[in-house]
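Structure first, commentary second.
What follows is calculated from the coordinates using simple rules that are stated; it is not laboratory data. Just so it is clear, the structure is predicted and the values come from calculations on it, not from any experiment. Cβ sites come from the backbone with ideal geometry, for glycine too, and all protein chains shown count toward neighbours.
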Amino acid sequence: MDFLTKSLAEAAGMLASLDPELYFIVYVSLKVALVSTLIASAAGVPLGFFIAIRKFRGKRGVITVLNTLLALPTVVIGLFVYALLSRQGALGSLGLLYTPAAIVTGQVILILPWVAAFTVSAVSRIDERYRRTAMTLGAGPFQTAFAILREARFGIIGAVIAAFGRVIAEIGIAMMLGGNIKGFTRTMTTAMALEHNKGEFVLAVALGIILLAVSLAMNILLQLAQGRYGEDR
Amino acid sequence: MDFLTKSLAEAAGMLASLDPELYFIVYVSLKVALVSTLIASAAGVPLGFFIAIRKFRGKRGVITVLNTLLALPTVVIGLFVYALLSRQGALGSLGLLYTPAAIVTGQVILILPWVAAFTVSAVSRIDERYRRTAMTLGAGPFQTAFAILREARFGIIGAVIAAFGRVIAEIGIAMMLGGNIKGFTRTMTTAMALEHNKGEFVLAVALGIILLAVSLAMNILLQLAQGRYGEDR
Amino acid sequence: MTLYDLTLVQVQFGALRALDIDRLSLPENSACALLGPNGSGKTTLLHVLALLRPPTRGAVSFMGEPVSWREKTLLPLRRKVVLVDQHPIMFSTTVIKNVSYGPKMRGESRSFQKRIALECLDRVGMKEYADRPAHRLSGGETQRVAIARALACGPRVLLLDEPTAGVDIENQSVVEKIIFDLCSEKNMSILFSTHNPIQAERLARSKIYLSAGRLAAPAAENRFPARVLQQNGLLALIDNREIHTGPPPEIFSTGSFVSIDPEKIRVYANARGNSGPRNGWLAAKVLQISAETDRIRVVLDAGKAGGTLLTALLKAGDVRQNRIVPGDSVQITLDPDALRIEKPPA
Amino acid sequence: MTLYDLTLVQVQFGALRALDIDRLSLPENSACALLGPNGSGKTTLLHVLALLRPPTRGAVSFMGEPVSWREKTLLPLRRKVVLVDQHPIMFSTTVIKNVSYGPKMRGESRSFQKRIALECLDRVGMKEYADRPAHRLSGGETQRVAIARALACGPRVLLLDEPTAGVDIENQSVVEKIIFDLCSEKNMSILFSTHNPIQAERLARSKIYLSAGRLAAPAAENRFPARVLQQNGLLALIDNREIHTGPPPEIFSTGSFVSIDPEKIRVYANARGNSGPRNGWLAAKVLQISAETDRIRVVLDAGKAGGTLLTALLKAGDVRQNRIVPGDSVQITLDPDALRIEKPPA
Amino acid sequence: AEADDKILTMSTTTSTEASGLLDYLLPEFYADTGITVRVMAKGTGAALRDGMDGNVDIIFVHDEVREKQFVDDGFGTKRYYVMYNNFVIVGPESDPANIREAKNSGEAFARIAAAHTPFVSRGDDSGTHAREKQLWTASGVSTTNAGEPADSKGWYFAIGQGMGVALIFALEKDGYVLSDRGTYLHYKHGRSEPYDLEVIYEGDDMLKNPYGVIPVSPEKFPHVRYDLADTFAKWLVSERGQEVIGSYQLHGHPLFFPDAR
Ligand SMILES: Nc1ncnc2c1ncn2[C@@H]1O[C@H](COP(=O)(O)OP(=O)(O)OP(=O)(O)O)[C@@H](O)[C@H]1O
Ligand SMILES: Nc1ncnc2c1ncn2[C@@H]1O[C@H](COP(=O)(O)OP(=O)(O)OP(=O)(O)O)[C@@H](O)[C@H]1O
Ligand SMILES: [Mg+2]
Ligand SMILES: [Mg+2]
């Protein structure tokens, strides 16, 4: 694994060099991934929650569609958002194409089904009695939802972590909608793709290692934040 | 949404044309995605199960690493498998690079952490009493595992569905390790990327629609297979 | 004013009609016991009364107003009634946070939440458990904390699903005392389900009997699976022992049930000179004697090998005259019309 | 041969020592009852005995051989002992599949699985439920199916955690009969926990009392939270009513407990001419009289407002002489050494 | 299935595949020789890398300097001149930097830099990108070590992506882009979506884009199908191959010009 050691050394070197360009890339990646994850979670968790809790006709259908959307390819999302944000598109006047906001838009579409699907699965497994208990103790709809989500928290945090992992490692949308503009929308993944395209494999993997390190740091932070309850279940 | 209607019409036309090339691409995609999902599930479900059930030192660490691996970028995986399968690599003599087998290798690495992480989360939420009950009724370790997995089945099937969605919509690895060779390793996603590259956006989205249709069909099949228990929980 | 009015209420689980009540009124400020065998619909009825489960069909009115079962209108009603589940579940946090959940939902101040929670925990003897993780408690501890949690809501109506099951003896009387006190002092209405008729007798002013989802007469006691034969005019075999002769009936083999009317059992102390066993007489042992409103309940072990429990309802005078005391061996006879035979289902 | 031998066994949950047993031997082929207040460690002990929870410290030997707690060696042992949980859980499939799970795990044939499952379901009166989804059953139904599921394993040792809690009266006697029969006919060893001392008395040859995780003498009955005052030589206030005078004690306010030795309560029928209430005499009402091995247990309601239950253990002769019958109003006195006072925790 | 001994793997640039040339040319080659070519289209750098790792039998790219290096380093046997096409400078019809008037392509670039009109750079070390850098040098604009204009803020977009994306990007920004003619023609005429940019400047010698084909060295990589690769290379430079290349038209325009020497 000569390749790996070389890449590791390169990654260390890059980080040590304090190259502002590199740090900017990391910053853009993190910002975009975090914002996407937050937005998708803010929408996807409640969505998944209601699908899981409510009994309605066609519920299985909705879940099937949700599962299908897990296979939504980045190219399709990229092209749709492009069609929307392009100068000719409905929202063209906003000038959002090839900005971090465009990446966020695409990535939110990408991971919303993931967050929702996993929230459905986390919430459906929560004992019906939690809901009943909250309700009989006088909780309103939101408070009841909150109580159930609290019990499902490990599953939901899991879904959010996964969503973050998915977007920070995502290439296609970042490339198509961000445009991989140096110093503006270049992320760790698009930089990697570029290096790969150039045949600079060691550099590409070095960037990948930095990405994993960043992701590891985020996960450790989250673990610490979850605190002692983390081990409980 | 002129774009969407055009793409839909195009997708319908492509399917109706009975173009053997198209069907071959669909076939390759499905085959690669199914094989990857099967292998990753066969390894990831037991792995996740044991992480969830066993109490051991460093368990939180293992889970953190698993969560970090969710952010493993396709480029890194692609390059590692490339380094391995390339003629100069350890397994170069097998001549696997730029074959469907290479795609499967990379995709298995990609989704194994997903399957494992979601199995962990599905299994940890299963009431401890199921395990105790199976054990006291005389179940051996495997039978106990099976009983617990059975109770966690919706979560685990969810994980497998998600894994399938992830790989069938995956581009980077299919491109880097399969090489997008027409009539051999071209998948729906790499074909989409190619059309996108050519600027054939409608064609690209049409392919994406076909991909979603295939994925929908798979999900419906699965729903039917799950049968009446599906609605239960 | 009536507390609840149920009209033609049904709850259906798939093909199963778990509840099917034509009319039921419950008065305010009373303690009412809910009795009935397993699966008779007690829990289901309590869920409806707690406004947690809309019935499949039928109308419920609560405190004089019809319940519309729309979420918006339900919340204020639900704040007046609290249910303690049969197997209560604790939120995975501390005991005190569980108990202060109700006041918190009602927007009470922090300090009030804490005070009332500790007060209620104290009532069930669980004050020292305040900071323990609630989802790790033992069965009886959980039951008691759940009662405290319900009390902390200060409801008008308290519904308890088998509140003393799993609770230790000492605390059973604590729980019973809580029920008793709340009704008499606080003007709270209480409905509790129980399998203990003595408890029902002691605590409840009125009783509801359920059987297979329907309101019923006091449950058929003394119901036994039996072989019923027509052989020498012999009628029923329970525990492989003849218990009655009578007119030749239809013949069933296994799968039939015999129930014996507890008011139609005569008990004679052995000392009275009734000689050894003969047809129509059964030897039995007195296990327990307890008071009901206007009767004395005597539990007898009438099985050949022990363990076949028969309940007789006697008049207080009979018991005193007979000087029956638990532990005594006695002879019993059944009145000719004491037996009811249920055919096995086709 | 002894069935279990426990030496210095402890189970620790964080800071809490839930079980702490110096020595305990259980003989084979017996029915043994496990008694103790909530949280005393009954469930924890049963989990250890079911070989499901390795103790934090200490040695367990089962059927003469030390248990090593390595998974491999545990399986054959576990096949000899089955535990029915306090709140059993059903696999989310049909009732019959739940009940045939044990035989299936033991590699029995399909037809045998089915036969034994139906047989066991029949024993608990749940045969008609065979094809119902098991995870949808009511509390008592679940309890009964869980017992059938354990029976279907045909174990040498059956551990039951409060087996009749939630079971209806009729089926309580069915379950009790099962326990009774299995011990006497099938040479099975049974250990069951219960909060019902009468049940323990009736079914068990031996009894284990637990208190705060330790083996203990029979639980203090009649334990009340009380205010204890020194005022006119008055000793204890229970339910706001003086119950005893005696030598001036220390003074506690709330938080103390008084327990009254049930063997040191004297009961006199009112008819005996004992005039109205006076110091040292309490009026009470007889609720229940039941037989124990060599005593008669009398449950009295001694509360001013009702609901303060006192248990007295009397000799059979005393009861008969006094002609006490449930429902009677009686007068009681306490022997001078009947009271034990527990100070409130510091 | 195809006989295993008649399959050749080739890495090439996206432009050859995306222009449709290979779809036109390979069937002819198959008809003549019975050899199937498996094509992998990627960036020039990645394609060269495939050759250097021995993962393909032949490479077909357009970066003369690096190709020569490739042969010199012993990875390839010989570079065959196959064909060339032209780069064009594409931009808005209105020509805000007024480059139509420029005397040569260097000056055209200088005008773009001076006007600060948006310019899209491939920025991916591709053949096109290499040419861009040469043109910046020729323009006299001061450049960085990376070969970009020193004063690039706000108008110079290095996007690190393929030609098609760069064209779209330029359309969105209403700016200039250096493109190969094939890809441009395809975007202009071959798609259902309209493409508004025009060829503003072309024809300069500096804009010539030669393609070469190099069989991977069988000495370095004994497993490569040198026989097939050499057959293909020789066929491309043969009269027959050259005629096929010359006859290929995209949307009515000839695209590649035979260049065998
Ligand atoms: N969710 C459900 N789906 C299907 N059947 C159900 C469901 N809940 C309850 N039942 C069935 O409805 C009947 C009534 O149940 P319920 O829980 O009300 O009985 P119960 O009187 O409370 O019994 P127990 O004394 O055992 O607690 C039972 O036969 C039960 O199996
Ligand atoms: N997993 C756990 N974590 C922490 N504490 C626990 C856990 N399980 C039990 N305990 C505590 O250990 C003590 C003994 O519990 P156990 O369940 O054995 O009591 P029990 O005698 O069965 O009580 P009950 O009559 O209420 O069923 C209780 O105080 C309980 O709160
Ligand atoms: Mg119930
Ligand atoms: Mg217990």
Between the stretch D:1-71 and the stretch E:96-115, the Cα center-to-center distance that results, in Å: 91 Å
Per-bin percent of Cα-Cα distances, the stretch C:80-206 [10 Å]: 14, 48, 32, 6, 0
Of the chymotrypsin sites (Phe, Trp or Tyr not before Pro) in the stretch A:1-102, those whose Cβ has at most 14 other Cβ within 10 Å and which sit in DSSP loop: A:PHE56
Total formal charge among the other residues, if their Cβ is under 11 angstrom from that of A:SER29, Lys/Arg +1 and Asp/Glu -1: +1
Whichever lysines have a C-alpha closer than 23 Å to that of C:LYS207, once near sequence neighbours (fewer than 8 apart) are set aside: C:LYS42, C:LYS80, C:LYS177, C:LYS186, C:LYS264, C:LYS315, D:LYS285
HN-Hα J in Hz across the stretch C:151-161 - Karplus 6.51, -1.76, 1.60, θ = phi - 60°, x for Gly and Pro: 4, 4, 6, x, x, 7, 10, 10, 10, 10, 9
Point-charge dipole on Cβ atoms (K/R +1, D/E -1) for the protein assembly as shown, about Cα centre, debye to 20: 5640 debye
Ascending list, in nanometres, of distances separating the D:TRP69 label from those of the other copies (7 Å, Cα toward Cβ): 5.3
Kirkwood Rh and Cα Rg combined as Rg/Rh, the stretch B:2-232: 1.04
Long-range amide H partners of C:GLY327 with built H, under 5 Å: C:VAL286, C:LEU287, D:ALA291
Value of relative contact order over chain A, rounded to a whole percent, pairs C-alpha under 8 Å and six or more apart: 29 percent
Label 7 Å beyond Cα on the Cβ vector: C:LEU8 copy-to-copy distances, nm: 7.3
Euclidean distance between Cα centres, the stretch E:1-43 to the stretch E:190-261, Å: 12 Å
Footprinting exposure proxy for C:CYS120, D:CYS183 (fewest neighbouring C-beta atoms within 10 Å first): D:CYS183, C:CYS120
P(r) histogram, all alpha-carbon pairs of the protein assembly as shown included - 10 Å bins from 0, percent: 1, 7, 13, 16, 15, 11, 9, 8, 7, 5, 3, 2, 0, 0
Choice from A:ALA174, A:ALA12, A:ALA102 showing the highest fluctuation, given a GNM over chain A with Cα pairs closer than 10 Å: A:ALA12
Shortest-first nm distances, D:SER109 label point to equivalent points in other copies (7 Å, Cα→Cβ): 7.6
Rounded, prolate or oblate (a/c below 1.5 giving rounded, otherwise prolate when a/b exceeds b/c) for chain E by Cα gyration tensor: prolate
Part-to-part distance (alpha-carbon centres) for the stretch D:79-107 and the stretch A:114-178, which is given in Å: 33 Å
Dipole moment magnitude, nearest 20 debye, chain A about Cα centre, only Lys, Arg, Asp, Glu C-beta charged: 1180 debye
Relative contact order %, chain E, counting alpha carbon pairs below 8 Å whose residues are six or more apart: 29 percent
Anchor A:LYS198: lysines whose Cα lies under 20 Å away (excluding residues fewer than 8 positions away in-chain): A:LYS6, A:LYS182, B:LYS198, E:LYS42, E:LYS68, E:LYS133
Per the axis that maps chain B onto chain A, nearest residue of B (Cβ criterion) and its distance in Å: B:ARG125, 3
For the stretch B:59-182, diffusion coefficient by Stokes-Einstein and Kirkwood Rh (Cα), 20 °C, 1.002 mPa s, µm²/s: 131 µm²/s
